[in-house]
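What follows is a short report on a single structure.
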Amino acid sequence: MTTCEAYLKKQKQLVEARLQTLLHTEDKGFASLYEAMNYSLLAGGKRVRPTLLLATVEALGKTAAPYLDVACALECIHTYSLIHDDLPAMDDDALRRGKPTNHVMFGEGMAILAGDGLLTFAFELLAAQQQIEAAKRCQCMAVIARAAGPAGMVGGQAYDLNAEGNMHIGVEGLQFMHYHKTGIIFEAAIEIAAILADATPAIRDCLRTYAYQLGLTFQITDDILDYSGDAAMLGKPVGSDAKNHKATYVTLFSLAEARSMAQEAATNAIMAVSALGEEAWFLRQLATYLLQRVR
């Protein structure tokens, strides 16, 4: 196990232990909804986004522990997006993280509500962070709202729906879609960390570049895995993009070119945080980890 993997494992344990305590209700009328929400929230995954937030706070010289709930709020947003992406009206996937998707388990209506519940609970959780001064809390909430909203993930998904069946959207269209569907949440994690740690404008610029290149690394690798990965290893079906006639880096270029582009993006991400010194070791190693992942 690499140092990066050990850090990811440690932070994943912290995040998951906290997530298990967050969503509960004593009202039996809400029990089925909370069951559906927890089913996806506690289904595993690498917890890269909350770990990225916490690691960036540490890279900027601050203690990350007080911001665990902020990181968990980001994971709630991410999980909501997965539930809705898997719906029959969207990607129509039956498997996620090696388990039946939320709508397969609980029905389409309950899955929609579970996603809605996680999205709104994230803002409730953020608003409750009284240890963070009010102005910073508002800034963090605004960052997440923009990243998750019509100019962010929702807009990216709408673009994806409109582009379905169009294999000629071009690289600019593909990058636009993937940035808004995926990369913008990486950027939100890092931007929130920069707010919490009082990063200078120059450092924020470096971090934004890093976040963009990291998101690009993640998405190109995701396209490669959807084309040539192992479904059992991934915990989800492969070939979903081809089934839905979606353009990807592999279909627009080639498998070899996509791999080269992913390598270039990872290198750019590593270079972007060179000014942060040794404290940013995890951020650098994470770019390589996401490039080399098999799941």
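Brief remarks follow.
- Within the stretch 138-227, helices (runs of 4 or more DSSP H) holding 3 or more residues that are closer than 19 Å to F253 by Cα: 170-178
- Only one entry of A71, A55 meets the criterion of being more than 27 Å from N162 (Cβ to Cβ), in a helix (DSSP H, G or I) and touching a Pro at 6+ places or on another chain (Cβ under 6 Å), and that entry is A71.
Listed here are the residues, each with its yes/no results for (1) under 16 Å from I220 (Cα atoms); (2) at pLDDT below 95.
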| site | (1), (2) |
| --- | --- |
| C140 | no, no |
| P150 | no, no |
| A163 | no, yes |
| F176 | yes, yes |
| A194 | no, no |
| D198 | no, no |
| P201 | no, no |
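- Of the candidates L214, L225, the single residue that is modelled with pLDDT of 95 or more, out of contact with any Ser or Thr (no Cβ under 8 Å at 6 or more places or on another chain) and under 29 Å from S40 (Cβ atoms) is L214.
- For the stretch 1-49, the candidate set comprises residues that are buried (at least 18 other Cβ atoms within 10 Å of the Cβ) and of a type in the set (S, T, Y); within that set, the residue that is nearest to the chain's Cα centre (by Cα) is S40.
- Of all positions in the stretch 146-157, none carries a residue that is surrounded by 14 or more Cβ atoms within 10 Å (Cβ to Cβ) and over 18 Å from the mean Cα position of the chain (by Cα).
- Answer residue from the stretch 262-277, given it is hydrophobic (A, V, I, L, M, F, W, C) and surrounded by fewer than 19 Cβ atoms within 10 Å (Cβ to Cβ) and is farthest from the chain's Cα centre (by Cα) among those: A275
- Only one entry in L74, L113 is under 19 Å from H24 (Cβ atoms) and out of contact with any Gly (no Cβ under 6 Å at 6 or more places or on another chain), namely L113.
- Index of the failed condition, G215 passing every other in (1) surrounded by fewer than 22 Cβ atoms within 10 Å (Cβ to Cβ); (2) free of Cβ contacts under 8 Å to residues at least 40 places away in the same chain: (1)
- The single condition among (1) surrounded by fewer than 20 Cβ atoms within 10 Å (Cβ to Cβ); (2) touching a residue at least 24 places away in the same chain (Cβ under 8 Å) that V57 does not satisfy is (1).
- Count of residues meeting criterion [in contact (Cβ under 8 Å) with a residue 60 or more places away in the chain and assigned to a helix (DSSP H, G or I)] in the stretch 247-268: 3
The values are calculated or read from the model by the stated rules, or taken from the named source; none is laboratory data. Note that the structure is a prediction, hence the values are computed from the model and not measured. Virtual Cβ from ideal backbone geometry, glycine too; neighbours counted across all protein chains shown.
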